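Read through the structure below, which is laid out as structure tokens, and then see the notes.
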Ligand SMILES: CC(C)(COP(=O)(O)OP(=O)(O)OC[C@H]1O[C@@H](n2cnc3c(N)ncnc32)[C@H](O)[C@@H]1OP(=O)(O)O)[C@@H](O)C(=O)NCCC(=O)NCCS
């Protein structure tokens, strides 16, 4: 097999996006987004991309990276994709072996992968054969926006307003000079309650801003904030993928003292109304499989579960 694994060059972005899009056709990405998020990674985290070439053609790609929202200097994620017509020819194994060798200088404790769905038999085998064990599950759910009937929920937003809580879009909050600072603080407080495999580590204001309010995926009219007096008490935002017509859901979360008052439901309904008004066919969302409160809301609204995504982990060394 004449396959070479080499480090990434900046002119590889189109090829890498093509490989990922071929391997995950239901989750298309764009060069612009991949480049943007690479250029705006947390400088305190490690990441590196590799490509596999056969006869000058890119046939596979991989990346190791660290998550700023659960940062540990010796814990890593990786992603790996091989063009479907080149799968089953040890290219994935070669990319994986290279990644693991490149990680050795960091003396890694845990390596994770969250890019395999329960219906992706080859990916499941690949990870299990290499000693990875299942750690977490998360459903992607999709709402058929045209089929959604808002009538049963007509009173929800008024009930929230009666508690002195207003729903504002990011655009409507432009006049608030403190907006971004308040949103960053709120986001960090709420994100700590979202299930993830490691303890939450807050991200800096600048990084948060680059990934939300300044990102190429921002939809300022679909970024919804629940406001009580001058306080921001909840959030639900959707963003657009540049390569897909579907709307994607970011964080939906409410401050602890404000939960079970219908605020999240009201925010989600506003988001659905936004999508309906623009003729958007599908809203996608991701929820950890034990997150009953969030799943309960999405189930009630008619979101349909897709095959579950599984996070796998391989423990290389004990932490002690
Ligand atoms: C999930 C979350 C946003 C819900 O916010 P909320 O404002 O409390 O939800 P609502 O009051 O609008 O709930 C509407 C309905 O959802 C369901 N629901 C909400 N919380 C629930 C819970 N703890 N258990 C079961 N059902 C629940 C109920 O059907 C509820 O209606 P009811 O109160 O009349 O019974 C909130 O629990 C939260 O911030 N969790 C932490 C962050 C998080 O995990 N976000 C999701 C990331 S994917």
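If the viscosity is 0.890 mPa s and the temperature 25 °C, what translational diffusion coefficient in µm²/s does Stokes-Einstein give for the stretch 121-269 when Rh comes from Kirkwood over Cα pairs?
141
Label residue 189 and residue 296 with points 7 Å out from Cα along Cα→Cβ: what is the distance between them in nm?
Distance between the two pseudo-spin positions: 2.2 nm.
Could you calculate the contour length gain from residue 122 to residue 39, that is, 0.36 nm times the residue separation minus the distance between their Cα atoms, to one decimal place in nm?
Contour length minus the Cα-Cα distance gives 26.7 nm.
If R₀ is 41 angstrom, what is the calculated FRET efficiency for the pair residue 176 and residue 97, using the beta carbon separation as r and rounding to 0.05?
0.20
Given 25 °C and 0.890 mPa s, compute D for the chain with the Stokes-Einstein relation, Rh being the Kirkwood radius over Cα pairs; round to the nearest whole µm²/s.
The Stokes-Einstein estimate is 116 µm²/s.
List the residues of the stretch 51-75 whose backbone N lies under 19 Å from a point placed 7 Å from the Cα of residue 18 along the Cα-to-Cβ direction.
51-63
Taking only Cα atoms and a 10 Å spring cutoff, compute GNM fluctuations for the chain and point out the largest among 270, 171, 142.
171
Looking only at the chain, where both bridge partners belong to it, what percent of the DSSP beta bridges are antiparallel (to the nearest 5)?
90
Taking R0 as 35 Å, what's the FRET efficiency between residue 159 and residue 72 from their Cβ-Cβ distance, rounded to 0.05?
That gives a FRET efficiency of 0.25.
Tell me the mean residue ellipticity at 222 nm calculated for the chain from its helices only (DSSP H runs of n ≥ 4, each -39500 (n - 2.57), averaged over every residue, nearest 500).
Computed ellipticity for the chain at 222 nm equals -8500 deg cm²/dmol.
Could you check the spin-label model distance between residue 304 and residue 89? Points 7 Å from the Cα along Cα→Cβ, value in nm.
3.6
Using a 10 angstrom cutoff on alpha carbons, build the Gaussian network for the chain and name the most mobile of 114, 92, 131.
131
Pick from 119, 12, 42: which is most flexible by mean-square fluctuation in a GNM of the chain where alpha carbon atoms under 10 Å apart are linked?
Greatest mean-square fluctuation among the candidates belongs to 119.
With labels modelled as points extended 7 Å from the Cα through the Cβ direction, what inter-label distance (nm, one decimal) is found for residue 281 paired with residue 106?
So the label points at residue 281 and residue 106 sit 3.8 nm apart.
Of all beta bridges DSSP finds with both residues in the stretch 167-320, what is the antiparallel percent, to the nearest 5?
Once the DSSP bridges in the stretch 167-320 are tallied, antiparallel ones form about 90 percent.
Only the coordinates and a few stated rules stand behind these numbers; no lab work does. Since we're looking at a predicted model, the values are computed, not measured. Ideal geometry is used to build each Cβ from the backbone, glycine not excepted, and the neighbour counts take in all protein chains shown.
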